[in-house]
Amino acid sequence: MTTISSKKEIKTILFDIFGSSGIEESALSRRIESEILLQKVKFPLLEFVGRELYSHIPDRKQIVFTNRIIRLGHLGGNVIVAMILQCRLEEHFEQSLRKAVEVLDRQLRNSARKNRYGIIVFSSATDPYLQFEKERGITRELLKIILKYKFPVHILTKSDLILRDLGLLSEIEKEAILPGDLKECLNRKSFLTFSFSVPDDSVAKIFEPGATPPSLRLAALKETLKNGFFSGVSLMPLPPRISDIGENLEFMFQTFKDIGIRYILPASLTLFGGNDPSDSKSLVFKAIEKHYPHLIPKDRKFFSKGYRMPVSYQNALRNKTNELCARYELQKGILAYD
């Protein structure tokens, strides 16, 4: 079990079903402060699904682990991937996901018996509503297990397929049990976060080929708000000098304000790898070189010394998004933070 310390000690369990397995180097650990309940929160992370599912994947020697996060080729339709576990055998990984229902039922049953409740998170670097979910219904089965044991849930997605499961999510909102230390600061039990990286459908085709277009994503977000859900936006990762320019940020913040989102989580781009053609850095640079060749020299310089944008850029983006949050009266974070 890994603990992320901060000023305020709120202890809960976060389960990342499809993304990280709850270890220090995971995307969830690195992004927890900007993605879930954010700064001033202490999280013990319970590792359970990742390793157990991995044990069911045949021919594991052909699977490459990079930062222990799952990326299924283009199944998620997104070339902007912050952290990657590359699965060369997509069909085997899909089979392993079927074990998730069995694994989750066992883990939640044991946790519920011990009165250990926490927010179950779908998901960090991939999506709980991948292309095969419409036919296979794996996420839906997992939500039924979550409802069965009355756990709260946080879903991060780019897909409008989430609308299929609003009935289940509504039941979770009614029945779930919050951990005692979160009852004072949260009065909701289901959190629906829609991810946006680019402002319009045409740009999305470049960076998110195969993903649900932002326009349909926005319509789905509006529908969840109309149905009373606590829904917001993960505005990340923002491609530098494409999505983060003033007019695009203004447009997105104004749009989100108009539909009444409950919170927003902005963050800059992170890129890993670069030596393999399927690494996130290689994929993003290939897309930029094809469609925005004038940006490539500076972008390569930005990421020449690491996977993050320079600190000066991160600070400037933070200041700008703070300003926009204040102007449009949008809460930054599920729990407000600076």
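The values are calculated or read from the model by the stated rules, or taken from the named source; none is laboratory data. Keep in mind it's a predicted model, so treat the numbers as computed, not measured. A quick note on method: Cβ atoms are made from the backbone with ideal geometry, for glycine too, and the neighbour counts reach across all protein chains shown.
Scanning the stretch 131-149 for residues that are under 14 Å from ASP165 (Cβ atoms) and touching a Ser or Thr at 6+ places or on another chain (Cβ under 8 Å) returns a single hit, GLU133. Which of the residues spanning the stretch 141-162 are in a loop (DSSP other than H, G, I, E, B) and surrounded by 24 or more Cβ atoms within 10 Å (Cβ to Cβ)? If the condition is that a residue be in a loop (DSSP other than H, G, I, E, B) and surrounded by 24 or more Cβ atoms within 10 Å (Cβ to Cβ), then PHE151, PRO152, LYS158, SER159 are the ones that fit. Pairs are defined by a Cβ separation below 9 Å, a sequence spacing of at least 6 or placement on different chains, a first member in the stretch 187-202 that is at positive phi, and a second member that is crowded, with 23+ Cβ neighbours inside 10 Å; no pair meets this definition. Within the stretch 268-280, being under 19 Å from the mean Cα position of the chain (by Cα) and either over 13 Å from PRO240 (Cβ atoms) or surrounded by fewer than 19 Cβ atoms within 10 Å (Cβ to Cβ) (or both) holds for PHE272, ASP279, SER280. Does GLU323 satisfy being in a helix (DSSP H, G or I), without any contact (Cβ under 8 Å) to a residue 24 or more places away in the chain and among the acidic types (Asp, Glu)? Yes: the conditions hold for GLU323.
Looking at GLY76, GLY118 in this structure, which one is of a type in the set (Gly, Ala, Ser) and modelled with pLDDT of 65 or more?
Details: GLY76 fails: modelled with pLDDT of 65 or more.
After applying the criteria, what remains is GLY118.
Residue count for the stretch 213-240, restricted to those that are under 15 Å from the mean Cα position of the chain (by Cα) and either at pLDDT below 95 or among the aromatic types (Phe, Trp, Tyr) (or both): 5.
Suppose the filter is farther than 24 Å from VAL311 by Cα, surrounded by fewer than 22 Cβ atoms within 10 Å (Cβ to Cβ) and either at pLDDT 90 or above or not small (Gly, Ala, Ser) (or both); does GLY260 pass it? Answer is yes for this residue.
Somewhere in the stretch 176-197, is a residue surrounded by fewer than 18 Cβ atoms within 10 Å (Cβ to Cβ) and closer than 30 Å to PRO239 by Cβ? Looking through the stretch 176-197, none of the residues is surrounded by fewer than 18 Cβ atoms within 10 Å (Cβ to Cβ) and closer than 30 Å to PRO239 by Cβ.
Quick check on LEU317: is it buried (at least 20 other Cβ atoms within 10 Å of the Cβ), of a type outside the set (D, E, K, R) and closer than 24 Å to ASP201 by Cα? No, not satisfied.
Checking LYS257, LYS226, LYS222 one by one, the residue that is touching a residue at least 60 places away in the same chain (Cβ under 8 Å) and of a type in the set (Lys, Arg) is LYS257 and no other. Residue under question is THR224, and the condition is that it be touching a His at 6+ places or on another chain (Cβ under 9 Å) and closer than 29 Å to ILE120 by Cβ; does it hold? Judged against the criteria, THR224 is not a match.
Residues that are surrounded by fewer than 16 Cβ atoms within 10 Å (Cβ to Cβ) and either touching a strand residue (DSSP E or B) at 6+ places or on another chain (Cβ under 7 Å) or within 13 Å of SER234 (Cα to Cα) (or both) within the stretch 323-333 comprise just one, GLN331.
Keeping to the stretch 109-140, report how many residues are part of a loop (DSSP other than H, G, I, E, B) and free of Cβ contacts under 8 Å to residues at least 60 places away in the same chain. Walk me through how you get there before you give the answer.
Filtering the stretch 109-140 for residues part of a loop (DSSP other than H, G, I, E, B) gives 114-119, 123-132, 137.
Still in the list and also free of Cβ contacts under 8 Å to residues at least 60 places away in the same chain: 114-115, 129-130, 132, 137.
Residues flagged as part of a loop (DSSP other than H, G, I, E, B) and free of Cβ contacts under 8 Å to residues at least 60 places away in the same chain within the stretch 109-140 amount to 6.
Taking the criterion of being part of a loop (DSSP other than H, G, I, E, B), surrounded by fewer than 22 Cβ atoms within 10 Å (Cβ to Cβ) and either at pLDDT 90 or above or in contact with a Lys or Arg (Cβ under 9 Å, 6 or more places away or on another chain) (or both), no residue of the stretch 201-210 qualifies. Of the set (1) touching a residue at least 40 places away in the same chain (Cβ under 8 Å); (2) among the charged types (D, E, K, R); (3) outside any helix (DSSP H, G or I), all apply to GLU173 but (3). Exactly one residue out of LYS298, LYS305 is in contact (Cβ under 8 Å) with a residue 40 or more places away in the chain, more than 16 Å from PRO199 (Cβ to Cβ) and loosely packed, with under 13 Cβ neighbours inside 10 Å: that is LYS298.
For the stretch 165-186, give me each residue that is in contact with a strand residue (DSSP E or B) (Cβ under 6 Å, 6 or more places away or on another chain) and not β-branched (Val, Ile, Thr). Steps first, please.
Initial filter on the stretch 165-186 (in contact with a strand residue (DSSP E or B) (Cβ under 6 Å, 6 or more places away or on another chain)): 169, 172-173.
Answer for the stretch 165-186, where residues must be in contact with a strand residue (DSSP E or B) (Cβ under 6 Å, 6 or more places away or on another chain) and not β-branched (Val, Ile, Thr): LEU169, GLU173.
Given the structure, is LEU295 closer than 26 Å to ILE206 by Cβ, aliphatic (A, V, I, L, M) and out of contact with any strand residue (DSSP E or B) (no Cβ under 9 Å at 6 or more places or on another chain)? In short, yes.
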